[in-house]
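Asks: Sharing a structure, written as structure tokens. Questions coming.
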Amino acid sequence: MNKELMEALDILEKEKEISKETLFEAIENSLLTACKNHFGKADNVKVEIDRKTCDFLVYAEKEIVSTHEEVEDDCLQIALEDALEISKRAKVGDVIHVEIKSKEFGRIATQNAKNVILQKIREEERSVIYNQYFEKEKDVVTGVVQRYVGKNISINLGKADALLNESEQVKGEVFKPTERIKVYILEVKNTPKGPRILVSRTHPELVKRLFESEVTEIKDGTVEIKSIAREAGSRTKMAVWSNNPNVDAVGACVGMNGARVNAIVDELRGEKIDIVNWDENPGNLIQNALSPAKIVAVFADPDEKTAKVVVPDYQLSLAIGKEGQNARLAARLTGYKIDIKSETQAKDAPGFRYEDYLDDEYDEEEGEFEEEYEDGYEEAGEELSEEGSAEAPEEETFDEELDEETSEETLTEDNGENYE
């Protein structure tokens, strides 16, 4: 039994996670390479290794000829006289196995054999690391910040280094060396120098994976994340749905006293997260997506993927959000192009007559809208009385600050800040 070889293989298997069978194949190939360098050819050389004892045998298959004069190639033929010393049953024309002593190999042949083994170990080590992280592609892992490479960041994931490009970094986030952070693996490439791993801190799936790891109901499939929209570093909107009527989807994600969502907010360095209920009805979904703003009515066209939303005058800036963020995230979350107007604007805007939406009957001139309403426009939110639609709200409004033509694009940042 070759104990030294067995111990060396055990250590390599544990440290490098390379199977013994692969190492045995590497040793066999190295011995064949050594024979080829020593004898000039190794076509008739065979290597046998006992997998249990690690004892190995190297031999050459040679044809037996009558005399030494008939031997044309020492590597392929052997005289009968020499063959009888190996086996008394040797006969002319037979093939005999002639053992090759590895100790007879020269220094160069031995060095080449060593290089073959080392090269195989390096290749297998890269392959193992690549497969290990390729399985984690599109998943979240924890890494340690190593150093800044220009504006990019090198992150140690354990057995491999990952690169956090500037484009995948959240603006304003600054990391210190040895700091532990969670990143989303975008792509794993296999290169001659080893696996190249690209990670992200801005991808929406990062938030989704964090919730999957934090919320057991999402992990076991009771609660589903139907849609997610994110502006990294600022705000994320997420629509969830419960497959169990006894489980509150939003409550499960928030956790007791907000423990679950707060853990994710801390990991994302204070990024705000809005969790809303998913609804198959586009009108209800859009109403939920625009929270915390109160919605008077929603008119959604599933075919055109557009929606018209009416909000109270004093809620317009809140519905649109600072720099249009709330409306923009709601549009991404629902997949609808959303047009938000206040009650005053809706009543005066051409083609968007608010009184028409409140009446059950339409005259012939409004037949085109009636057809649209039947094709999928639905009203969501509280029902308004005729008196409420005709009169302006009694409470203080911001009509002086927002003229009738104000839209999402022209809303000033100051109005949005008043409601953040």
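Asks: Can you work out the FRET efficiency for the pair ARG122 and LYS176, with r the C-beta to C-beta distance and R0 = 45 Å, to the nearest 0.05?
Replies: So the FRET efficiency works out to roughly 0.85.
Asks: Computing the accessible area with a 1.4 Å probe over protein heavy atoms, can you report the carbon and sulfur percentage for region 1-66?
Replies: Heavy-atom surface of region 1-66 belonging to carbon and sulfur, 1.4 Å probe: 46 percent.
Asks: If you don't mind, another one. Could you tell me what percent of the accessible area of region 225-272 is made up of carbon and sulfur, with a 1.4 Å probe and every protein chain present?
Replies: Carbon and sulfur atoms account for 48 percent of the accessible area of region 225-272.
Asks: Going highest first, how would you order 219-225, 308-314 by mean Cβ packing within 10 Å?
Replies: Final packing ranking: 308-314, 219-225.
Asks: Need one value: the accessible area of HIS97 in square angstrom, 1.4 angstrom probe, rounded to the nearest 10.
Replies: Answer for HIS97: close to 100 Å² accessible.
Asks: For region 252-339, what Kirkwood radius comes out of the mean inverse Cα-Cα distance, in Å?
Replies: Hydrodynamic radius (Kirkwood, Cα only) of region 252-339 equals 13.9 Å.
Asks: Note down the nm distance, to one decimal, between modelled labels 7 Å out along Cα→Cβ at SER167 and at LYS36.
Replies: Placing both labels 7 Å beyond Cα along the Cβ direction yields 4.4 nm.
Asks: Counting only heavy atoms of the protein chains, get the accessible area per residue of region 239-341 (1.4 Å probe) and round it to a whole Å² value.
Replies: Accessible area per residue: 42 Å².
Asks: Highest mean first, what order results for 53-60, 190-197 on Cβ atoms within 10 Å?
Replies: Going from most to least packed, we get 53-60, 190-197.
Asks: Using DSSP to call loops (not H, G, I, E or B), can you name the GluC sites (Glu not before Pro) in region 113-202 whose Cβ has at most 13 other Cβ atoms within 10 angstrom?
Replies: Hits after loop and neighbour filter: GLU135, GLU137, GLU179.
Asks: Also, quick follow-up: Pairs of lysines 8 or more apart, or on different chains, with alpha carbons under 17 Å: count those in region 155-263, would you?
Replies: Going through region 155-263 pair by pair, I get 9.
Asks: Give the residue from HIS97, VAL116, TYR148 lying farthest towards the positive end of the charge dipole for region 1-154; charges sit on Cβ (+1 for Lys and Arg, -1 for Asp and Glu) and the dipole is referred to the Cα centre.
Replies: The listed residue farthest towards the positive side: TYR148.
Asks: Right, another one. Positive end of the charge dipole of region 213-270 (Lys, Arg +1 and Asp, Glu -1 on Cβ, about the Cα centre): tell me which of ASN246, GLY258, GLY233 has its Cα farthest that way.
Replies: Going by the Cα projections, it comes out as GLY233.
Asks: Could you check how much of the accessible area of region 93-194 is carbon and sulfur, as a whole percent, using a 1.4 Å probe?
Replies: Percent of accessible area from carbon and sulfur atoms in region 93-194: 50.
Asks: Shifting gears a bit: Which loop-located trypsin sites (Lys or Arg not before Pro) does region 55-156 contain, where loop means any DSSP state but H, G, I, E or B and the Cβ has at most 15 other Cβ atoms within 10 Å?
Replies: Taking region 55-156 and a limit of 15 other Cβ atoms within 10 Å, the loop trypsin sites (Lys or Arg not before Pro) found are LYS88, ARG89, LYS91, LYS101, LYS136, LYS138, LYS151.
Asks: Tell me, what is the per residue accessible area of region 43-152 in Å², probe radius 1.4 Å?
Replies: Heavy-atom SASA per residue in region 43-152 reads 67 Å².
Asks: Can you divide the C-alpha Rg of region 1-100 by 2.2 N^0.38 Å and report the result to two decimal places?
Replies: For region 1-100, the normalised Cα radius of gyration is 1.35.
The values are calculated or read from the model by the stated rules, or taken from the named source; none is laboratory data. Please read all numbers here as calculations on a predicted model, not as lab measurements. Glycine also receives a Cβ, built like all others from the backbone with ideal geometry; neighbour counts cover every protein chain displayed. With ligands, DNA and RNA removed, areas are computed over all heavy atoms of the protein, side chains included. Shrake-Rupley method; radii C 1.70, N 1.55, O 1.52, S 1.80 Å.
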